Structures are given as structure tokens and as C-alpha cells.
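The values are calculated or read from the model by the stated rules, or taken from the named source; none is laboratory data. Note that the structure is a prediction, hence the values are computed from the model and not measured. Note that we place each Cβ from the backbone using ideal geometry, even for glycine, and neighbour counts take in every protein chain shown.
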């Protein structure tokens, strides 16, 4: 019994990071209406930036956040302005090809510059744990979970109560009407893509104290983010958060009790069943919400 509780707790803590990364993807799709297949590579780039800041300057990964997040925000803005905006009115296939190409470029640049080695950050608290009711909890994973929860909460209040957040939600509802009402749609596209990349980058930074980075590390994060967003429901931040926790638990339980090699197959199977039963996601807003971003 203790083992299953231990596994579930570990999965929940990791699921918080999955939710953080996935909400960035949800925001980009909801506002910009583009499926970003390079989303996982934003995590990878942030992890490499964190590693090099630690390697050259001895900077703690959590301190590196103050540099990595602004850099990745600007990187997201640059991607939107240079790559996405010129094809904004093109077909969905063109946008998919563009982001897949960006994903491959970033992977190969990382391979050329950093080689294929696994790189880790050595910090004193990397293996730190504490015991609570017989359950051992990893300190870096706990910090990552609460940082993810806090960031998601801040984004929720930003979107709900700030003028800019309301403008982003208006774009999600109807781009044309929002433009007619005076909303600077193109500028907010830049903001949304920047915030989405910053959220994925924060996930990468939070992973570094207990994980490693390599050129293709972003691929599973892209796949997990898509599964989490679709399961939670495009348009539901709360649903995305809960779906992230769920996938984290499924991955931990499947890897422990079935096989580490089959854990992806397990949550992909659940994903297929879920979309067959409820295509708009568990927490989707109803018919048609699978085509809408944050509401």
C-alpha cells in the first residue's frame, strides 16, 4: 500500500510540470490558432540554457529562471513574428509543416552544438527528500509542483481580470470581432506566443535539478502536452491542470507496475479511448470546444 501511495505522489508532483508545459501549448493554440509542434523544443532550449548558466557561472537553476524566462519569452515572440505571422492566413497544414521544421532545426542545432551527451546540473539539494507519514517526497519535485501551481494560478487571474487578459480571451472567442472592437490582435499574438514559450521554459528550468537534457528531450514533452491539452479540454485551464496530474500518475504507476517501456503506450491508449468517448475533452465546454482555446 505504501508503495502505490509513494508512486502516486511522485506522479502527481511530476504531473504539475506536465500541466505547466501543456497550458503554454493551450494558450498558443487558443489565441494564435496554431498547433506548435516545436513546443517541446522550447523546454529543451530552456534546459540547455539552465545547464550552461550553471556550468559557466555556477548559477543555481532556480536563480537562472530570472534570465531563462525573459530570453525564452523573447524567443517565442521572435518565432511568432518571423515564422508564424507570415503564414498566419495560410492553411493549417502549412503551419504544421513550419513548426515541425522548427522542431527539427532546433534538435539538430542542439546536436551540433552540444553533441548527443546527457547533461545534468549538480546541486546540493538534487537528491534531497523528506518523510511525511511514511512517504518520501523529493524536495526539487515538490518545489517544481508548487512553482507550477503558482504560475498557473497567476496566469488564470491575469487572463480573467487584467485588460490584456480579457483582450486575449476576446481573441479566442472571435478574432474578427475583437479586431473590430479595437483589440491589437497582431500584438497579442506576439504576447500569447511569448507567454506560451515562457511557460514551457519554466517547466524546463524546474526539471533540471532532477533530470537531464539532450537534443531530443523535447519530443516526449510535445506528445505529453498534446495528450494533456486534449484530455483536459481545449479552453479549460483547470481541466489541463488536472489532466497533467492524471498523466503524471498514469506514467508513474505504469512505469512501476507494468513496464517502463510501456508507460507511454498506456497513456496513449487512455488518450485514444477518451477522445473516442468525448472528443472535446473531459472538461471541454461542450460541442465545438475542441476547436477553441482558453475561454
Verdict on residue 85 being in a helix (DSSP H, G or I), closer than 22 Å to residue 104 by Cβ and under 18 Å from the mean Cα position of the chain (by Cα): no
Condition set touching a residue at least 40 places away in the same chain (Cβ under 8 Å) and over 18 Å from residue 214 (Cβ atoms), scope the stretch 43-67, selection surrounded by the most Cβ atoms within 10 Å (Cβ to Cβ): answer is 64
Give 193, 199, 221, 158 a once-over and let me know the one that is without any contact (Cβ under 8 Å) to a residue 12 or more places away in the chain, within 16 Å of residue 24 (Cβ to Cβ), in a helix (DSSP H, G or I) and under 19 Å from the mean Cα position of the chain (by Cα). 158
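Given the structure, is residue 40 closer than 17 Å to residue 211 by Cα, in contact (Cβ under 8 Å) with a residue 60 or more places away in the chain and either more than 17 Å from the chain's Cα centre (by Cα) or crowded, with 21+ Cβ neighbours inside 10 Å (or both)? So that I can check it myself, show each step before the final result.
Details: closer than 17 Å to residue 211 by Cα: yes; in contact (Cβ under 8 Å) with a residue 60 or more places away in the chain: yes; either more than 17 Å from the chain's Cα centre (by Cα) or crowded, with 21+ Cβ neighbours inside 10 Å (or both): yes.
Yes: the conditions hold for residue 40.
Test residue 167 against the stated conditions and say whether it is modelled with pLDDT of 90 or more, surrounded by 12 or more Cβ atoms within 10 Å (Cβ to Cβ), within 19 Å of the chain's Cα centre (by Cα) and part of a helix (DSSP H, G or I).
On the way: modelled with pLDDT of 90 or more: yes; surrounded by 12 or more Cβ atoms within 10 Å (Cβ to Cβ): yes; within 19 Å of the chain's Cα centre (by Cα): no; part of a helix (DSSP H, G or I): yes.
The answer is no for residue 167.
Being touching a strand residue (DSSP E or B) at 6+ places or on another chain (Cβ under 6 Å) and at pLDDT 90 or above narrows it down to one of 213, 205, 143, so name that one.
Working: 205 fails: touching a strand residue (DSSP E or B) at 6+ places or on another chain (Cβ under 6 Å); 143 fails: touching a strand residue (DSSP E or B) at 6+ places or on another chain (Cβ under 6 Å).
Checking each option against the conditions leaves just 213.
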Is it fair to say residue 35 is surrounded by fewer than 21 Cβ atoms within 10 Å (Cβ to Cβ) and in contact (Cβ under 8 Å) with a residue 40 or more places away in the chain? yes
Picked from the stretch 27-67 (must be outside any helix (DSSP H, G or I) and touching a helix residue (DSSP H, G or I) at 6+ places or on another chain (Cβ under 9 Å)), the residue nearest to residue 109 (Cα to Cα) is 38
